Amino acid sequence: MQGAVFRVGGGKVAKVWFHSPRAELERLQRLYAEVRLAFRTPEIVEIHQGPRWVVSVEVELPGRPLHEVAPEFGQAGWTAGRDCVIEVVAELAAAPAPPALFAMSVLDESEPFRRPQQGWTEALGELLVRRVATYGDQLERLVDDFGNRLDCLQQRLKGLTEAGQLVHGDVTAGNILVDDDLRPLSVIDFGLLSMPGDPVFDAASAAALYALWSPETRAIEADFDVAITERLGYDADDLLTYRAVHALLVGNAHDADPFGRDSGVPLTATLLNDPLYADFLS
């Protein structure tokens with residue numbers, strides 16, 4: 001999450017939200033109340049408006065972040081971490097979209113992601129256009145033939161399946177809390193890109209987010225894709241399409257971060273310039 005978390009006792013934590021207004025957290029509170037999964041999900045019990053930021057008081061959930069305990073890519077047993085992520089993705093894919101999900105906005109936007117009666121691919125395509133309009137000039141300087149690749153991606157996006165299931169949107173190894181055997185106990189931090197859509201989006205983005213800053217990211221994605229295709233039956237081209245879309249959506253998601261974290265633009269450019277994606281979007 002974009003904020004800070006404090007343990008306050010009594011089985012509760014307090015989260016200070018740097019960017020989210022109270023109305024957004026109230027929508028998130030309603031979403032949490034409606035989500036039903038095999039593992040624990042957050043519960044917001046109080047919301048307080050401070051002079052600068054909003055604070056939510058939530059139930060403290062069991063488990064440790066997967067990234068703290070999973071072996072690194074290539075080490076013995078690393079696939080247990082990968083399989084844990086795929087288990088979470090599969091559980092999310094089986095969940096219908098709760099009514100509150102259709103009221104959720106994404107990223108730094110204020111309006112709901114999908115208008116009434118709007119399809120998934122149309123809504124995602126429009127979001128992509130808005131994000132690229134915001135910071136696409138940065139990518140044009142870094143990505144070869146950026147305009148044509150973007151056009152190709154939009155065409156691939158239009159060919160995807162319409163859907164309206166629960167998409168978490170930010171399935172990272174930090175947002176999955178596990179036990180000592182790397183079994184998922186809790187999934188946290190819905191809201192950044194939570195939307196009613198295609199669960200393949202979660203699978204594609206989770207593979208990229210597993211070790212986003214690692215020099216082995218492309219190899220990790222490839223390993224994930226083989227396992228995801230075998231276990232969940234997802235199409236390999238759909239995974240590549242959604243991963244490129246996700247990279248473009250979040251490429252500058254942290255530019256206004258008060259901690260001054262770097263933009264993700266270079267990471268997005270690296271993905272789009274990779275020979276696999278360059279060929280795929282040619």
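The values are calculated or read from the model by the stated rules, or taken from the named source; none is laboratory data. Here the structure is a predicted model, which is why all the values come from computation and not from measurement. FYI the Cβ positions are ideal-geometry reconstructions off the backbone, even for glycines, and counts take in every protein chain you see.
Suppose we keep only residues that are in a loop (DSSP other than H, G, I, E, B) and β-branched (Val, Ile, Thr) within segment 16-44. Which one would you say is farthest from Pro112 (Cα to Cα)?
Going through the qualifying residues, I end up with Thr41.
For segment 45-63, what are the residues that are surrounded by fewer than 19 Cβ atoms within 10 Å (Cβ to Cβ) and assigned to a loop (DSSP other than H, G, I, E, B)?
Gly50, Pro51, Arg52, Trp53, Glu60, Leu61, Pro62
Criterion first (without any contact (Cβ under 8 Å) to a residue 40 or more places away in the chain and surrounded by fewer than 14 Cβ atoms within 10 Å (Cβ to Cβ)) does Asp137 satisfy it?
yes
Residue under question is Arg7, and the condition is that it be exposed (fewer than 13 other Cβ atoms within 10 Å of the Cβ), among the charged types (D, E, K, R), out of contact with any helix residue (DSSP H, G or I) (no Cβ under 8 Å at 6 or more places or on another chain) and not in a strand (DSSP E or B); does it hold?
Against the criterion (exposed (fewer than 13 other Cβ atoms within 10 Å of the Cβ), among the charged types (D, E, K, R), out of contact with any helix residue (DSSP H, G or I) (no Cβ under 8 Å at 6 or more places or on another chain) and not in a strand (DSSP E or B)), Arg7 does not qualify.
Between a residue in segment 226-243 that is touching a residue at least 24 places away in the same chain (Cβ under 8 Å) and in a loop (DSSP other than H, G, I, E, B) and any residue that is surrounded by 15 or more Cβ atoms within 10 Å (Cβ to Cβ) and among the hydroxyl-bearing types (Ser, Thr, Tyr), which pairs come within a Cβ distance under 8 Å, given they are 6 or more apart or on different chains?
Asp235/Thr229
Which residue, of Ala163, Ala173, Ala123, is among the aliphatic types (A, V, I, L, M), part of a helix (DSSP H, G or I) and surrounded by 14 or more Cβ atoms within 10 Å (Cβ to Cβ)?
Exactly one residue qualifies, and that residue is Ala123.
Quick check: anything in segment 145-159 part of a loop (DSSP other than H, G, I, E, B) and at pLDDT below 95?
yes
Among the residues of segment 213-252 satisfying the criterion of being modelled with pLDDT under 95 and in contact with a Gly (Cβ under 8 Å, 6 or more places away or on another chain), which is surrounded by the most Cβ atoms within 10 Å (Cβ to Cβ)?
Gly251
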